[in-house]
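Please read the structure below before turning to the comments.
The values are calculated or read from the model by the stated rules, or taken from the named source; none is laboratory data. Computed from a predicted model, the values in this text were never measured in an experiment. Glycine gets a Cβ as well: all are built from the backbone with ideal geometry, and neighbour counts include every protein chain shown.
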Amino acid sequence: MAHVDTAYRRGVGADSGRERRKKPKPANTGSNLLTDDENQRLYVLLGGDSVSLAAGVVQLLATDGDHSRWQAKNIGVVSLVKDYNRRVYVLKLFEIYKQTSPWEQILYKNFRVKTNSIHQELLTFEGDYCMYGLNFSSRDEAVNFKVHLDKRYEQEQKTSVQKAPS
């Protein structure tokens, strides 16, 4: 019994659950198609409270009003960003030489991307106002990006199951 009392006095036991240790932020991940300097520019554009979990060089596509065809909207570097300040995950497109981010899509609940077996470089998803496509320059970057998005979805599912009343 004395062992248990000593453990509680040292902060181990029932009280230890109250002190949550913050996980360290993961390192930024850039695009394999960019130079080190270009990836550094991307990280600067992200700011200090955000981390790039995956990135790739893409053409951003969007469907027209009746969703019958794709229209090219922009070219740049897309990043799966964990924004610690806003507490969201977001897809952001960056034009690193213009130092701008002309487009973003916050990952809503149950956000999923789809791939096409014929064109594996293209990831498609439902956005706020239309269907979007990310047409990657590299199949490897498209696959890596989808893996990260799928991991995030799976983690979201685990969290929602844990929070569900029993």
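Of all residues in the range 125-153, those satisfying the criterion of being in a strand (DSSP E or B) and farther than 23 Å from L34 by Cα are F125, E126, M131, Y132. The residue that is farthest from E141 (Cα to Cα), counting only those in the range 75-92 that are of a type in the set (A, V, I, L, M) and free of Cβ contacts under 8 Å to residues at least 60 places away in the same chain, is V88.
Restricting the range 90-149 to residues that are of a type in the set (D, E) and within 17 Å of the chain's Cα centre (by Cα) leaves a set whose member that is surrounded by the fewest Cβ atoms within 10 Å (Cβ to Cβ) is D128.
Within the range 17-46, the set of residues being modelled with pLDDT under 95 and either surrounded by 12 or more Cβ atoms within 10 Å (Cβ to Cβ) or in contact with a strand residue (DSSP E or B) (Cβ under 6 Å, 6 or more places away or on another chain) (or both) comprises K25, P26.
Residues are listed down the side, and each one gets a yes or a no for (1) closer than 17 Å to V147 by Cα; (2) in a strand (DSSP E or B); (3) without any contact (Cβ under 8 Å) to a residue 40 or more places away in the chain:
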residue	(1), (2), (3)
E38	no, no, no
L45	no, no, no
S68	no, no, yes
F94	no, yes, no
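Of the residues V58, V81, V77, the single one that is touching a strand residue (DSSP E or B) at 6+ places or on another chain (Cβ under 6 Å) and under 26 Å from V161 (Cα atoms) is V81. When you look at G56, is it assigned to a loop (DSSP other than H, G, I, E, B) and either within 17 Å of W103 (Cβ to Cβ) or not basic (K, R) (or both), yes or no? No, not satisfied.
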